[in-house]
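Bear in mind that the values in this text are calculations on the coordinates, not laboratory data. Quick caveat, the model's predicted, so the values are computed rather than measured. Note: ideal-geometry Cβ built from the backbone for every residue, glycine included; neighbour counts use all protein chains shown.
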Amino acid sequence: MEQQLSYFEKFSRAYLAVLEPADAQHVLLAQIATARLAMDQPLDVTASLATAQTHSPELLESVREIAAANVQRIRDEATDPDLALLHWQAARGLALSALLGLCPLSEEERNRLFDRLRAETQKASEAPSGST
Amino acid sequence: MDNPSRSERSRNAAIKAALVILTKDGPAGLTFDALSRESGISKGGLLHQFGSKAAILKALLAHQQEYFEAFGKRFLAASGDTLAEPTLSTQIAVLRESINQPNSVARAILAALVEDPDLLSDISRKDQANTRKIRSEAKDPDIALLRLVAAHGLAYTTLLGLSPLSERQRERLFKLLLDDSRWASDGSSQSQPESEPESE
């Protein structure tokens, strides 16, 4: 699980580095891209989570700490922080439900929703504050 | 002695005991010996009632499912006429409710996934049927599905202990997801952020 976290953190940083300066909400866009990448990985999330919940709760604490830092940055970058957090949660919901095998959507639908999520995030970035 | 209410009582006691074991020791700790110790029911009685570990998990999931289906029906009965997308709103409300029972739902689902993912096939079929209804009720099906998966994200990350959000933040986000008026008819999402500052 630690290795997986480290891999996704590296991907997220690399993604942030190549975003265009014109792109607003960099952290949210990177998080959406990272969730999309995670969804396609052959990860045994179930076993990792079951083990961590019972035997290594400190691992979950580190996941929450990383996520809390991202939440703060996502809120800071957004003109509409609640909408930005919902976009972030949608990306996490898509990835996590797919990894757990609980997603009711097809792969094609998930990819389309990730595209829409990115487009909605960019649209929200372009709108003036309070009118997204 | 064939006594349905007694049988039901022992079934409920076994389900409660299974949740305690799953919380304490994880899916691997759920054995008939452990269940007998925790519930006070003889191992023979438990074997007669359930037959296998998978059957215990199945009973656990069915118990959860009954509760949430009843909750969804009550929600729909109370507000169905006012909802633009009733299936979507009901699913979001059910996911919000699932957070109120954090250990039981998460443990049951994780245990089922570890033991045998096929145990969740009933739930998956119902989820797929609900998703089809959500699409058919929506003006913009993709926005409706994004609202649904955002609710999945809030619920799953909370239930699995991965969410950094406070209860207040989650409640505000669920409220926003349930508020049809916040999602524009042209298909774009919109939110009117509350003015209060939020710190983690």
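Key figures
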read-out	value
Positive-end residue of A:Ala24, B:Gly45, B:Pro86, charge dipole of the protein assembly as shown with Cβ unit charges	B:Gly45
Charge dipole (debye, nearest 20) of the protein assembly as shown; +1 at Cβ of Lys and Arg, -1 at Cβ of Asp and Glu	980 debye
Using alpha-carbon coordinates, inclination of helix B:102-115 to the longest axis of chain B, degrees	70 degrees
Simple label model, 7 Å out from Cα along Cβ direction - B:Lys16 to B:Ala62, nm	2.0 nm
Peptide B:161-168, shielding by other chains (average Cβ, 10 Å cutoff)	5
Compactness of segment A:26-132 - radius of gyration and Dmax, Cα, Å	15.0, 47
Entries in B:Lys73/B:Lys139; B:Lys16/B:Lys126; B:Lys133/B:Lys175; B:Lys53/B:Lys126; A:Lys10/B:Lys133 that, when Cα-Cα distance is taken, lie over 31 Å	A:Lys10/B:Lys133
The protein assembly as shown: Cα Rg divided by the 2.2 N^0.38 Å rule of thumb	1.05
Karplus 3J(HN,Hα) series, Hz, for segment B:128-143 with 6.51 cos²θ - 1.76 cosθ + 1.60 (x for Gly, Pro)	5, 5, 5, 5, 5, 5, 4, 4, 5, 8, 8, 6, 10, x, 5, 5
Total formal charge among the other residues, if their Cβ is under 14 angstrom from that of B:Ser121, Lys/Arg +1 and Asp/Glu -1	-2
Two-site label geometry, A:Asp76 and B:Lys126: point separation in nm, points 7 Å out along Cα→Cβ	4.3 nm
